[in-house]
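Visitor: After the structure tokens below, expect a handful of questions from me.
The values are calculated or read from the model by the stated rules, or taken from the named source; none is laboratory data. Just so it is clear, the structure is predicted and the values come from calculations on it, not from any experiment. Here Cβ is always computed from backbone atoms with ideal geometry, including for glycine, and neighbour counts include all displayed protein chains. These accessible areas exclude ligands, DNA and RNA; they are computed on the full protein's heavy atoms, side chains included. Shrake-Rupley method; radii C 1.70, N 1.55, O 1.52, S 1.80 Å.
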Amino acid sequence: MFKWFDKLAEHQSRKLAQTVSRRHALNRISRALVGTAFILPVLPFDRSAHASPHGGGKADLNKAMNDPTACEYWRYCAIDGFLCSCCGGSLTQCPPGTNASKVSWVGTCHNPKDGKDYLVSYNDCCGKTSCGKCMCNTNIRERPGYSLGLHNDINWCMSNDNSMFHCTTASVVGIAEA
């Protein structure tokens, strides 16, 4: 019944194998994969699953916005990584045995206490394996991968001698002007 389909598929496969080399086929497949890698980060996706772990109460949220070990802390508006404040370091200092990355990304975060927007520099601390505590991935105003200075999904330890990521700090570097 499907003999004609099998013969057609076999004929087309043999014809393709005779005219196209393996290198050519791998080259085409690689180009297609690399091309889609640049398109996919631009596509929208749903972030609604990142609900607040503090139950959503106003008092709990206000407390978390002032706690440097909570993802809702105002400086963490564009952070992606383990908080150094939970990993033996602080809000602005890397833990002992790690070094700050030589490159970083910047976010503009709103401080609810004074109503001002601040430029916050996020530096990964490098040299040890991942901390594994207080993972935060906040992407407010994050830009796609082609805007590297505004994109937080990159291993920023790549410029250091030891490129292992441990945790991330959040240092205020200035006031954002309108």
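Visitor: Considering only segment 86-96, I want to know if a residue exists there that is polar (S, T, N, Q), surrounded by 21 or more Cβ atoms within 10 Å (Cβ to Cβ) and under 24 Å from Asp161 (Cα atoms). Step through it out loud before you land on a result.
Guide: Here is the first cut: in segment 86-96, the residues polar (S, T, N, Q) are 90, 92-93.
After this cut, where a residue has to be surrounded by 21 or more Cβ atoms within 10 Å (Cβ to Cβ) as well, the list is none.
No, because not a single residue in segment 86-96 is polar (S, T, N, Q), surrounded by 21 or more Cβ atoms within 10 Å (Cβ to Cβ) and under 24 Å from Asp161 (Cα atoms).
Visitor: For segment 3-22, how many residues meet the condition of being open to solvent by less than 100 Å² (accessible area, probe 1.4 Å) and either part of a helix (DSSP H, G or I) or of a type in the set (Asp, Glu) (or both)? Before you say what the answer is, go through the steps one by one.
Guide: Taking segment 3-22 first, the residues open to solvent by less than 100 Å² (accessible area, probe 1.4 Å) are 6, 8-10, 12-13, 17, 20-21.
Retained after the next criterion (residues that are either part of a helix (DSSP H, G or I) or of a type in the set (Asp, Glu) (or both)): 6, 8-10, 12-13, 17.
Residues flagged as open to solvent by less than 100 Å² (accessible area, probe 1.4 Å) and either part of a helix (DSSP H, G or I) or of a type in the set (Asp, Glu) (or both) within segment 3-22 amount to 7.
Visitor: Restrict the check to segment 115-122 and report whether at least one residue is under 17 Å from the mean Cα position of the chain (by Cα), of a type outside the set (Ser, Thr, Tyr) and modelled with pLDDT of 90 or more.
Guide: We begin by selecting, within segment 115-122, every residue under 17 Å from the mean Cα position of the chain (by Cα); these are 120-122.
Imposing the further condition that a residue be of a type outside the set (Ser, Thr, Tyr) reduces the set to 120.
Then keep just the ones that are modelled with pLDDT of 90 or more; that gives 120.
The answer is yes; a qualifying residue exists.
Visitor: Could you say which residue among Gly107, Gly89, Gly97 is modelled with pLDDT of 90 or more and either under 18 Å from Asn66 (Cα atoms) or in a strand (DSSP E or B) (or both)? Steps first, please.
Guide: Details: Gly107 fails: modelled with pLDDT of 90 or more; Gly97 fails: either under 18 Å from Asn66 (Cα atoms) or in a strand (DSSP E or B) (or both).
Only one candidate passes the filter, namely Gly89.
Residue by residue, here is whether (1) in contact with a strand residue (DSSP E or B) (Cβ under 7 Å, 6 or more places away or on another chain); (2) modelled with pLDDT of 85 or more; (3) open to solvent by 60 Å² or more (accessible area, probe 1.4 Å) holds:
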site: Pro53; (1), (2), (3): no, no, yes
site: Tyr73; (1), (2), (3): no, yes, no
site: Ser130; (1), (2), (3): yes, yes, yes
site: Thr138; (1), (2), (3): no, no, no
